[in-house]
Amino acid sequence: MPSSKKLNIAVFMILVLATIAQSGCIKIQVVDRTPAAPASHTDSEKSKVEEHGMAVLAVDFDPPLEYDKIMERRKRGEGITLLVAVENTGIRAEQNITVQVQLSKEDEKPFLEKQGVIDAIAPGEIKLFHFKDTDIPFSYEYHLSVHVLPVPGETRLLDNQKNYDLLITQP
């Protein structure tokens, strides 16, 4: 019987180690791939305010990108909400601002494409736009592109987009 007891303890320890190895080890890494803006040549260019301008300020997720939380919500039939902060950087109020989102794997056709419209946004105002999805296919690597389309008369376009790689890894 002692060998049977040792076998049971060994099996138990293997199960405990396997459980520890699987729980909490999956990480989602976000890599910002947005092109950097070139340095301005003069101080007057830095302080120049454009008449028309839109910018994607930030992107966030609800729930936060924690694998366990995402899987819990998925089991309940709930999805992930992408939050996009858009700012009017110009000095004129703008209307009908189109925000586009694409989620894909590298070099593949996007499997998620959404777009929405911000009805109106005042100069200096920041609006939060929500994109919700419940059916995102599993992948170890995603590419997320967020764009706000230029408004008529807008000339500075580098801040109209954000690009990210989302990598699911195990340490």
Check your understanding: Taking region 112-171 as the region of interest, how many residues are farther than 13 Å from THR98 by Cβ, among the polar types (S, T, N, Q) and surrounded by 13 or more Cβ atoms within 10 Å (Cβ to Cβ)?
Key -> 3
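Name the single residue, out of those in region 80-97 being touching a strand residue (DSSP E or B) at 6+ places or on another chain (Cβ under 9 Å) and surrounded by fewer than 17 Cβ atoms within 10 Å (Cβ to Cβ), that is farthest from LEU166 (Cα to Cα). First the steps, then the outcome.
Going residue by residue through region 80-97, those that are touching a strand residue (DSSP E or B) at 6+ places or on another chain (Cβ under 9 Å) are 80-90, 93-97.
The next check asks that each one be surrounded by fewer than 17 Cβ atoms within 10 Å (Cβ to Cβ); those that pass are 81, 83, 85, 93, 95-96.
Values: THR81: 15, LEU83: 15, ALA85: 19, ALA93: 34, GLN95: 32, ASN96: 30 Å.
Among those that are touching a strand residue (DSSP E or B) at 6+ places or on another chain (Cβ under 9 Å) and surrounded by fewer than 17 Cβ atoms within 10 Å (Cβ to Cβ), it is ALA93.
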Check your understanding: When GLN100 is evaluated against the numbered criteria (1) over 15 Å from the mean Cα position of the chain (by Cα); (2) surrounded by 12 or more Cβ atoms within 10 Å (Cβ to Cβ), which criterion, by number, is the only one it fails?
Key -> (1)
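For region 129-160, how many residues are assigned to a loop (DSSP other than H, G, I, E, B) and in contact (Cβ under 8 Å) with a residue 40 or more places away in the chain? First the steps, then the outcome.
Initial filter on region 129-160 (assigned to a loop (DSSP other than H, G, I, E, B)): 134-140, 149-157.
In the following step, the residues that additionally are in contact (Cβ under 8 Å) with a residue 40 or more places away in the chain were identified as 134-136, 149-156.
So the count comes out to 11.
Residues checked against (1) modelled with pLDDT of 95 or more; (2) out of contact with any Ser or Thr (no Cβ under 7 Å at 6 or more places or on another chain); (3) farther than 24 Å from ASP62 by Cβ:
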{"site": "LEU82", "(1), (2), (3)": "no, yes, no"}
{"site": "LYS109", "(1), (2), (3)": "no, yes, yes"}
{"site": "GLU125", "(1), (2), (3)": "yes, yes, no"}
{"site": "HIS130", "(1), (2), (3)": "no, no, no"}
{"site": "VAL151", "(1), (2), (3)": "yes, yes, yes"}
{"site": "THR169", "(1), (2), (3)": "no, yes, no"}
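Quick one: would you say ARG73 is at pLDDT 70 or above and more than 30 Å from ALA122 (Cα to Cα)?
On the way: at pLDDT 70 or above: yes; more than 30 Å from ALA122 (Cα to Cα): yes.
Criteria met by ARG73.
The values are calculated or read from the model by the stated rules, or taken from the named source; none is laboratory data. Bear in mind that the values here come from a model prediction, so they are computed numbers and not experimental data. Every residue, glycine among them, receives a Cβ derived from its backbone with ideal geometry; neighbour counts consider all protein chains shown.
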